[in-house]
Structures are given as C-alpha cells and as structure tokens.
Amino acid sequence: MSVTRSQLTDFSYFLAIARHRNFRLAGLEMGLSPSAMSHALKGLEAKLGVRLVNRTNRSVTLTAAGEEFRNSIELPLQDINQAVERLNKHRDSPRGRIRINVQVDAAHTILPPVLALYAERYPEIEIEMEATDRLVDITHEGFDAGIRVSGTVPEDMVTQRISGVLRWIVVGAPAYLERFGTPQTPADLENHRCINGRLGDGRIYQWEFEGPDGEFSIPVPTQFVMNDRPTM
C-alpha cells in the first residue's frame, strides 16, 4: 500500500499520541483539539485496518501493533524532519555549490570585481565556473546559470542584465599602421589585414559599429581567426 501525504500527517499525529499517551497534550503539540486528534487516529486506523491504540476515559495505551508501528516509523520521520531543518539552513544562510558557464569576455571583465565581494558575503557557497565561448546548453550540461552576450541567450531562458553596455574599439600596432596606413572609416578596413574571431555558435564575427544612422556590422578580410579574445 502506497503512503499518501495525508497519511504522513496522520503518522505524525499518531507519534504525538504515542509520546504523550494523552490526546489533549498531543493536540497541544500538534496544534489541534483533542477531538481532532482522536478523529485523525480513527481515520488512520481505518485506513490501515489495524487498531493502534487502546483508549479509555482514564488511559491511552498502545496495542502490540501500535508499538511495532511506532518503532518502525519514528526514526524515518525524524530523518525527514531533520532533512527539512537542513533545508531551512539554506534559506537562512545560502550554502551549497553553484555551477556557472561564462563567456570568456565576461570572465575577464565582469566577474573579477565582484567575486571577492561575493565570497565574503556568501562564504558557504562554492562556485565552479567554466569559461568558454562555446554556447553550451546550460540546463542539459548541468549548469545552474550562465553569463552571455546579449543576443545569444535562448528565448526560453530567464535573463537578467548584469552590466552596462560594453564597447569594443578598433586598434592596430604602431608598426602595422605605419606600414599600411590608418583606416579612417569602417569601409577602409576592406584594404587591411584584420584579426577576427569565431563566435560560440560557429559564425565568424562581423565587426560592429555605430554611426549617425545607427548600428551596423561588416565582414572584414582576415588572415587569422581565433576563438578567444586574449589571444586575438
């Protein structure tokens, strides 16, 4: 016979009666009236098909079946209560292990200023961080959260912005610019040797700019394609 949620509650009432051998005292412990405790016990006995308690006007005693049943369920229910108490500790003081998947740029720019503060504020939380530009399925691969560039987050994921706008700039080595000239407009990049990157979804990055007419992106000629910004 499977155990229902209501029966687990009745088991707790029965254990209170077994402890106090008194319906009034058991009711005080469980927050119920003596009659409600008696009714719950009768219902439990009816469901189990076994008499658990002998009760008279003067005494409440356990039957042999009641003694055996109490001994069988007392420790398991204590274990359940202790498990709930351990969960309460998580609510009072966060603890445990968090796995996060972070794009490399965020790992280098956004997280360093806050990790030390986070460790001080939540000393009982262990963080495991994987920094990669590969766009993994966060849920499928067992991560609790991820940090992504806007526009790469799946639509079914809950998002929260954690930084301001990040801007990239076009730079060149002085020796290169002296040899090949300094581009004055994005269109001039067509005549230059650019270093480019491959995005986590496999696409080659198109350089993004903002002009008088808004944002736009262009493909650039490249001799080197890399998948992480520090190397670039």
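A few notes on this one:
- Here the range 43-107 was treated as a single set of alpha-carbon atoms; its pair distances binned every 5 Å from 0 give 4, 12, 12, 12, 11, 9, 8, 7, 7, 5, 3, 3, 3, 2, 1, 0 percent.
- Evaluated at q = 0.11, 0.14, 0.23 Å⁻¹: base-10 log I(q)/I(0), Debye formula over Cα of the range 87-200: -0.55, -0.77, -1.35
- The range 125-173 - accessible surface per residue (Å², probe 1.4 Å): 82
- Counting only Cα atoms, the size of the range 2-52 along its three principal axes is 29, 20, 17 Å, in decreasing order.
- Within the listed set Tyr118, Tyr13, Tyr205, the Gaussian network model of the chain (springs between alpha-carbon atoms below 10 Å) gives the highest mean-square fluctuation for Tyr13.
- Across all Cα atoms of the range 73-132, the radius of gyration (one decimal) and Dmax (whole number) stand at 16.9, 55 Å.
- In order along the range 196-202, the Karplus-derived 3J(HN,Hα) couplings, from 6.51 cos²θ - 1.76 cosθ + 1.60 at θ = phi - 60°, round to 10, x, 9, 6, x, 8, x Hz, and Gly and Pro are given as x.
- Built amide H within the under 5 Å cut-off of Cys194, gap 5+: Thr222, Gln223
- Sulfur and carbon atoms: percent of accessible area, the chain [1.4 Å]: 53
- Take every DSSP beta bridge whose two residues both sit in the range 183-229; close to 60 percent of them are antiparallel.
- In the context of the full set of protein chains, residues of the range 9-101 present 62 Å² of accessible surface per residue (probe radius 1.4 Å, heavy atoms only).
- Convex hull volume per residue, computed on the Cα atoms of the range 144-232, equals 145 Å³.
- For the range 191-232, taking Cα atoms only, Rg and Dmax work out to 11.4, 32 Å respectively.
- Once the gyration tensor of the Cα atoms in the range 1-101 is diagonalised, the equivalent ellipsoid follows with semi-axes of 33, 15, 12 Å, ordered largest first.
- log10 of Debye I(q)/I(0), alpha-carbon scatterers only, for the chain at 0.08, 0.10 Å⁻¹: -0.59, -0.70
The values are calculated or read from the model by the stated rules, or taken from the named source; none is laboratory data. On a predicted model such as this, the values are computed, not experimentally measured, just so you know. These accessible areas exclude ligands, DNA and RNA; they are computed on the full protein's heavy atoms, side chains included. Shrake-Rupley method; radii C 1.70, N 1.55, O 1.52, S 1.80 Å.
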